[in-house]
Amino acid sequence: MRRKSIPYEDSFHDRQPALNGFVTLFTHRRTLQSDNRNPQLLNATDRCVMCGMCLPHCPTYQISRDEGESPRGRIALIQGLANGRLALNTRMEQHLDHCLGCRACEAVCPSGVTYGDIIDGGRAMIHERRRTAPAPRILFSLVPRPRRLRLFGRILRLLQRSGLQGLARGLGLTRVLGLARLDALLPRLAPLPAWQDYYPPPGPQRGTVALFLGCFADFADRPTLNAAVRVLTRLGYGVHIPRRQTCCGALHLHQGDRDIARHLAECNAAAFNGLQVDAVINTASACGATLAEYPRNDFPPLQAPLRDINTFLAELPWPAELTPAALAKKVAVHDPCSLSNVLHQAKSPYQLLARIPQLEIVALPDNCCGAAGSYMLTQPDIADRLRDDKIAALRALEVDIVVTSNPGCALHLRAGIKATGLNLPLMHPIELLAKQLDAAHGA
């Protein structure tokens, strides 16, 4: 006999200690096996022992001190959905939507809880009911279509150069259309020429790689991608850029739309797996994390080794004659959550930048910047509050340059830097390295 779902408000309390609700859920879980609607997801939640070691590492819990905004709170809610004990409502949906997916909790969990799988699974259960604001909706519709996305980028660049973007902002049209937030995040776009299929090295060839472009980065972060090609070819690697590649699928996967995410994974597997390359290189850590977890999500995997460009270049033996020009500056390194908590390669940007003589390298405080893919558009209040901590740290550190290895984080941080009047260039580590190589050896 199926049990009647109970309202969310009757089974879960808003504030700490709020563990009574969790105890109730776990007490009933064993008696609700006949109501089990999602056994795989329920098994994943079963690993959580509610120890609370994740709480100091969760950005939203640190802001709210609300158990519903903590990893174990969200696990309990998703568990209630999975076994049919809880009925979905607006408050529960908000708790799940507020999760940044930074996975700092997963990195410190003593029980090995796969929180990333759980939050994605929970969002997949509520995907059909979700309502999306105009700006994220535009992105979600464009990113699976690379040609349309590049056309969108060229139109935006034309609007920027013509002054029409500023005019629309001044007239309040971006605000009326619900695009003010997106408008504030967009950088001044670089030229967007078509990519070659292959970029050969200028000298002796050491190997061959393929470059993953990503979706939004392909028009909003061209300087990083161009720098990657320059450095890789200078080091003797031929660079393939498959035309049929597309978005990694992260935006849709983390919003619960597994069907589109799977389709994008299939497109990327078809684009890259026919190439004979030493590695597939990515410059966006969030894309790299998603690509690396294709097998974990039961998506078609990429056959060649997947490497973050920082790690790939940091581990290479460099020719003695290929030394970057010295730079007597202080650079702050932002550690993206995807690089730290998923790929576990946070040291690589520091190792790579250490190749630049006289460069002083410092780290920003270890917390999420609030970008989190589309989160900076869908949850602007929380995103900006987290970013404020980073901006305050930049002021205190008195640095000359900021670097980050994820383009979403770059957009969010750059907008915050601009809004607060800081005059700080922000770039990818590979872009800074390319600049110093160009200065030492010519462009």
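No lab work stands behind these numbers, since they all come straight from the coordinates. This is a predicted model, so every value here is computed, not measured. Cβ placement follows ideal geometry from the backbone for every residue including glycine, while neighbour counts extend to all protein chains displayed.
Semi-axes of the equivalent ellipsoid of segment 198-314 are 25, 14, 12 Å, computed as sqrt(5λ) over the eigenvalues of the C-alpha gyration tensor in descending order. Between the Cα long axis of helix 222-234 and the first principal axis of the chain there is an angle of about 60°, rounded to the nearest 10.
The peptide list 205-211, 353-359, put in order of mean Cβ contacts within 10 Å with the highest first, becomes 205-211, 353-359. Could you tally the net charge around residue 189, taking each other residue with its Cβ under 10 Å from the Cβ of residue 189, Lys/Arg +1 and Asp/Glu -1? Local net charge: +4. Taken about its Cα centre, the chain carries a charge dipole of about 1040 debye when Lys and Arg each add +1 at the Cβ and Asp and Glu each add -1 at the Cβ.
Treating each Cα of the chain as one equal point scatterer and applying the Debye formula with no solvent, the log10 of I(q)/I(0) at q = 0.08, 0.10 Å⁻¹ comes out as -0.48, -0.74. Residues in segment 343-358 carry Karplus couplings, in order, of 7, 6, 10, 5, 6, 4, x, 5, 5, 5, 5, 5, 6, 8, x, 6 Hz; the curve used is 6.51 cos²θ - 1.76 cosθ + 1.60 with θ = phi - 60°, and Gly or Pro positions show x.
Extending 7 Å from Cα along the Cβ direction at residue 40 and again at residue 126 yields two label points whose distance is 2.1 nm.
Summing charges over all other residues whose Cβ lies under 15 Å from the Cβ of residue 265, with Lys and Arg as +1 and Asp and Glu as -1, gives -2.
When 331, 280 are arranged by Cβ crowding within 10 Å, least crowded first, meaning fewest neighbours, the order is 331, 280. Pairs of Cα atoms nearer than 8 Å and 6+ residues apart set the relative contact order; for segment 197-356 it is 21 percent.
Using a cutoff of 8 angstrom between alpha carbon atoms and counting only pairs six or more residues apart, the relative contact order for segment 245-331 works out to 27 percent. What the Cα convex hull of segment 330-441 gives, in volume per residue, is 97 Å³. I want to check the label-to-label distance for residue 439 and residue 65. Put each point 7 Å from Cα in the C-beta direction and report it in nm to one decimal. Label-label distance for residue 439 and residue 65, simple model: 4.8 nm.
Taking the beta-carbon count within 10 Å as an exposure proxy, list 362, 277 from fewest neighbours to most. Provide the component values of the computation, followed by the final result.
Values: 362 13, 277 20.
In order of increasing Cβ crowding within 10 Å: 362, 277.
Each listed q (0.10, 0.11, 0.13 Å⁻¹) maps to a log10 I(q)/I(0) for segment 253-365 from the Debye sum over equal C-alpha point scatterers, namely -0.39, -0.46, -0.61.
Hey, what number do you get for the chain at 222 nm if only DSSP H runs of n ≥ 4 count, each worth -39500 (n - 2.57), divided across all residues, to the nearest 500? Write out the running numbers ahead of the final one.
Details: 23 runs with 209 residues, N = 443.
Here the helix-only value at 222 nm equals -13500 deg cm²/dmol.
When you restrict to C-alpha pairs under 8 Å that are six or more residues apart and normalise by the size of the chain, the relative contact order lands at 13 percent. Exposed loop positions in the chain were taken to be GluC sites (Glu not before Pro) whose DSSP state is not H, G, I, E or B and which have at most 10 other beta-carbon atoms within 10 angstrom. Between these positions, the longest stretch is 1-320.
Note on the chain: lysine pairs with Cα distance below 27 Å, sequence gap of 8 or more or different chains, count 13. Couplings 3J(HN,Hα) for segment 193-210, derived from phi with the Karplus relation 6.51 cos²θ - 1.76 cosθ + 1.60 (θ = phi - 60°), are x, 5, 7, 6, 6, 8, 10, x, x, x, x, x, 8, 9, x, 9, 10, 10 Hz, where x marks Gly and Pro.
What number comes out for the charge environment of residue 112, summing +1 per Lys or Arg and -1 per Asp or Glu over other residues with Cβ under 10 Å away?
Working: positive: 47; negative: 106.
Spelling it out: positives minus negatives among the neighbours equals 0.
For residue 86, nonlocal amide neighbours, meaning residues 5 or more places apart or on other chains whose placed amide H falls under 5 Å from its own, are 81. Taking a ≥ b ≥ c as the square roots of the eigenvalues of the Cα gyration tensor, segment 300-354 is classed as oblate, since a/c reaches at least 1.5 and a/b does not exceed b/c.
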